[in-house]
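Okay, structure first, notes after.
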Amino acid sequence: MRFLLDDEQREFARSLDALLKAADTPAVVRAWSAGDHNPGRALWGRLAEAGVFGLSVPEEHDGLGFLPVELAVAFTELGRHAVPGPLVETVAAAVLLDGLGDRHTTWLPGIASGKTVVTLRPPGDDSPYALDADMADLVLVVTGDTLRAAGSTSSVQPSADPARRLSRPTGGTVLAEGPHVRRAAEHAADVGRLATAAQALGVGRTLLDRTVAHVRERHQFGRPVGSFQAIKHRLADVLISLEFTAPLVRAAALSLASAAGDSGRDIAAAKAAAGDAVHLAARTALQCHGALGYTDELDLSLWIRKARPLRTAWGTPTACRARVLTN
C-alpha cells in the first residue's frame, strides 16, 4: 500500500490551494453565514471546474470516476481554506444516487458540473437536521430502506458554526425503497465520513499554521511567546496529532478505493482521529491567541468554530470508535 501522493495528486492539491487563496474564502464564509450564497455558489462553480465534485461521479455521467484518494486530497484543501456549503453531503449524495441505478442518475451530470447542489441528511444519524437545505437544489433523506426528496425550507437553526446552516427537512417524495437503498446509503455514509475526516484534517492544519505564525510575532517579557516551553509543548502535541491522523485518512481512502479489507473500520478510525486532532488544534489555537481568539473579527474564528461540528458530523467519536472495535 503506497501512502505517498503521486506527482499528479500533489499538483491537484497545489492547484486547489492556489484557487482557494485567490477566492478570499474568509469573505465567502462570512457572506454564507449571513445567508448570502452568491459568492459561495460562484466558488462552487470554480471547484466543479477543477474536478472536485466529479471525483464522486462515474465517467459515463460526466464525472472523473470514483476516486477516494483524490477526494481526500481535495477535502483536505477545502478544510484548510474553510470553504462553506454542503460539500461532503453533495459527494456522498452522488455516491448514493449512483448506487441506486439508472433511474436515479439523472442528477449526476449536474452534480459533477456544479450546477446542482445536493444536501443529504447523514444516513443513520439521529439528528433531524440537514446542512444548507435552505439553498440546496435537492434535499435527500434516507430513513431505513426509504429514500425521499424532501421539501426545501427557509428555516435555519442556530449552529456552533454560523456557516453550517442547519434545517429540518420535511415531507417529500419517495424516490426509492428496498434493501438496496440501505446498502447504497451505508456506502455513501462511508464516503461522507472519509470526506469529513479529510476536511477536519485540513482545518486542523490551518489552525496550527496560523497559531505558529501568531506566537512567533507576539512578544512578552521581551521574547516571542513561541519561545516559551509550555507553548512549544502545546503546539508539538497538535502537530503530532495531525501527523498521526494524515496516514489514517490516506489509508482509509486507499482501503475504500481498493475495496480490500474492512474499509468501514479504516474510515471510522480516520474519522475518530481527525475529530480529536481538530478539536485539540482549535483548543490550542484559542488558548495561544489569548483574548484575540474569542473575537469574531479575527479570521481564525472561522476555523475554530468548524472544529466541534466536524468532530461529530457523519459519526460521533463514540460511534466511530465502536465501529473500529466491531469484529
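The values are calculated or read from the model by the stated rules, or taken from the named source; none is laboratory data. Only a predicted model underlies this, so the values are computations on that prediction, with no experimental measurement involved. Every residue, glycine as well, gets a Cβ built from its backbone with ideal geometry; the counts of neighbours run over all protein chains shown.
Considering only the range 271-283, I want to know if a residue exists there that is closer than 26 Å to VAL28 by Cβ, over 18 Å from the mean Cα position of the chain (by Cα) and either assigned to a helix (DSSP H, G or I) or not aliphatic (A, V, I, L, M) (or both).
Yes, that holds for at least one residue.
Hey, among the residues in the range 205-240 that are of a type in the set (Val, Ile, Thr) and surrounded by 14 or more Cβ atoms within 10 Å (Cβ to Cβ), which one's modelled with the lowest pLDDT?
Looking at residues that are of a type in the set (Val, Ile, Thr) and surrounded by 14 or more Cβ atoms within 10 Å (Cβ to Cβ), I get VAL225.
If you check LEU19 against the conditions, is it crowded, with 23+ Cβ neighbours inside 10 Å and either part of a helix (DSSP H, G or I) or among the hydroxyl-bearing types (Ser, Thr, Tyr) (or both)? Break it down stepwise before answering.
Details: crowded, with 23+ Cβ neighbours inside 10 Å: no; either part of a helix (DSSP H, G or I) or among the hydroxyl-bearing types (Ser, Thr, Tyr) (or both): yes.
In short, no.
Sort out which residues of the range 138-164 are touching a strand residue (DSSP E or B) at 6+ places or on another chain (Cβ under 7 Å) and assigned to a loop (DSSP other than H, G, I, E, B), and write them in order of number.
ASP145, SER152, THR153, SER155, VAL156, SER159, ARG164, listed by residue number.
For the range 165-181, enumerate the residues that are surrounded by fewer than 18 Cβ atoms within 10 Å (Cβ to Cβ) and in a helix (DSSP H, G or I).
Across the range 165-181, the qualifying residues are PRO179, HIS180.
Only one of PHE66, PHE75 is hydrophobic (A, V, I, L, M, F, W, C) and farther than 30 Å from GLU297 by Cβ. Can you tell me which?
Details: PHE75 fails: farther than 30 Å from GLU297 by Cβ.
Exactly one residue qualifies, and that residue is PHE66.
Please count how many residues of the range 248-266 are closer than 17 Å to VAL73 by Cα and either loosely packed, with under 13 Cβ neighbours inside 10 Å or in contact with a Cys (Cβ under 7 Å, 6 or more places away or on another chain) (or both).
Count: 1.
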